[in-house]
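We did not get these values from a lab; they are worked out from the coordinates using the rules stated. Just so it is clear, the model here is predicted, and its values are computed rather than measured. Cβ atoms come from the backbone with ideal geometry, glycine included; neighbour counts cover every protein chain shown.
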Amino acid sequence: MAKSQDWFNKLRISYEIGELNDGDLHHDPFEQFRIWLEAAATQQLPEPNAFVLSTVDQTHTPSSRTVLLKSFDTKGFVFFSNYNSKKAKSIELNPKVVMNFLWLPLHRQVIIEGTATKISREDSEDYFKTRPISSQLGAWTSPQSEVIENREVLEKRAQEFSEKFQDQVPMPDFWGGFIIDPNLIEFWQGRPSRLHDRFRYTKETKNSTWKLNRIAP
Ligand SMILES: Cc1cc2nc3c(=O)[nH]c(=O)nc-3n(C[C@H](O)[C@H](O)[C@H](O)COP(=O)(O)O)c2cc1C
């Protein structure tokens, strides 16, 4: 049964816990991001490094999914995935992506638009080695984004790979990291009456400096 309008209206909340002013923002958007990510971690939000990654394929069809940020610096934001997955195929054909971090208990959202490229195999391997063995085996086991017959197929493959590699799991060549080089970073803080604070950093193409603007909510 569809929910009534009244049911949805009762979900409405007023965003009253924070505000964002020009003077509050760091001139460097990466530093500003770090401050907000750390605030989300300090507040013990579950997986504060989770973000929704949107891609657009060659037919202009968008798709989204959640992934985990694993590192970032001024060169960009890094996540790891299967290079044969739907997202990876989209990125290969169209590297323009959007990241969306939602830290709802803080009434905060960060949107990052940029260009994704694969990181070096060496850097991927450095990270792969830090993963628990079960996750390393998971990378081999899952033909990510493909149709599979049933769960047993997955469990059988997991068993086969764990017997094959025992305790030294090499990184599959179809797995690794992507780095997203941003050209736009927007910080959103919920405010009462839907008059939220939004600030957007855009990268100036000529000298790679960041311009900061307040945006209407
Ligand atoms: C909290 C959370 C974290 C996730 N982290 C990752 C990740 O870091 N890398 C990844 O490939 N998939 C991750 N996934 C699974 C993806 O959302 C997605 O199902 C998978 O990558 C396949 O996406 P695709 O078929 O669109 O390529 C995560 C899912 C959730 C809910």
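Students often forget the sequence filter, so: which lysines lie under 16 Å Cα-Cα from LYS3 once same-chain residues fewer than 8 apart are removed? Candidates past the 8-residue exclusion: nothing left. All other residues whose Cβ lies under 13 angstrom from that of LEU53 are scored, Lys and Arg at +1 and Asp and Glu at -1, for a net of +4. Under 1.5 on a/c is rounded, so check that first for the range 39-137, then, if it is not, pick prolate when a/b is larger than b/c and oblate when it is not; a ≥ b ≥ c are the square roots of the alpha carbon gyration tensor eigenvalues. Here the range 39-137 falls in the oblate category. Here's the list of aspartates and glutamates a cross-link from LYS89 could span, going by alpha-carbon distance under 13 Å and ignoring same-chain residues fewer than 8 apart: ASP57, GLU146. Applying both filters, DSSP loop and at most 16 other Cβ atoms within 10 Å, to the trypsin sites (Lys or Arg not before Pro) of the range 1-85 gives LYS3, LYS10, ARG12, LYS70, LYS75. Post the alpha-carbon centroid distance, the range 64-124 to the range 169-217, in whole angstrom. The range 64-124 and the range 169-217 have Cα centres separated by 11 Å. Eigenvalues of the alpha-carbon gyration tensor of the range 110-206, scaled by 5 and square-rooted, set the equivalent ellipsoid semi-axes at 39, 19, 12 angstrom, largest first.
Each Lys or Arg adds one and each Asp or Glu subtracts one; over the other residues with Cβ under 13 Å from the Cβ of GLU31, this totals -3.
In this structure, the residue pairs whose Cα-Cα separation is over 26 Å, taken from LYS10/LYS87; LYS75/LYS211; LYS75/LYS164, are LYS10/LYS87; LYS75/LYS164.
Could you put TYR127, TYR83 in order, starting from the residue whose Cβ has the fewest other Cβ atoms within 10 Å?
Placing the least packed residue first, the sequence is TYR127, TYR83.
From the Cα gyration tensor of the chain, with a ≥ b ≥ c the square roots of its eigenvalues, which class applies: rounded if a/c is under 1.5, or else prolate if a/b is larger than b/c, or else oblate? Prolate. Considering helices alone, the calculated mean residue ellipticity of the chain at 222 nm is -8500 deg cm²/dmol, with DSSP H runs of length four and up weighted by -39500 (n - 2.57) and normalised per residue. Computed over neighbours whose Cβ is under 15 Å from that of PRO217, the net charge equals +2, Lys and Arg +1, Asp and Glu -1.
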